[in-house]
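To start, the structure under review is shown below, and the notes come after it.
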Amino acid sequence: MLCVAIGAKAQETTTPNPVNPNAAKFKFDSEVIDYGTIEHNANGDREFKFTNAGKEPLIISNAVGSCGCTTPVWP
């Protein structure tokens, strides 16, 4: 009986959610920043500028860095 239940579960399929063509979408001016050579004690602050390329509002409700070298700042 257990084999039948496992086999039945394996046959289930899911329908993917349709993609919203009007959804908000990040468009970065540049995705790479070349720091070049940085002088000792120099300011390493850099900005990633982006716009909303979608038709619906782009809502940013949270932003966190993945390490201590990245610190998001809210305007």
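The values are calculated or read from the model by the stated rules, or taken from the named source; none is laboratory data. All figures in this text were calculated on a predicted structure; none of them were measured in a lab. Quick reminder, even Gly has a Cβ in these numbers, built from the backbone with ideal geometry, and neighbours come from all protein chains shown.
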Got at least one residue in the range 42-58 being touching a Lys or Arg at 6+ places or on another chain (Cβ under 7 Å), at pLDDT 90 or above and surrounded by fewer than 10 Cβ atoms within 10 Å (Cβ to Cβ)?
no
Against the condition part of a loop (DSSP other than H, G, I, E, B), among the hydrophobic types (A, V, I, L, M, F, W, C), exposed (fewer than 10 other Cβ atoms within 10 Å of the Cβ) and more than 14 Å from the chain's Cα centre (by Cα), how does VAL64 come out, does it pass?
no
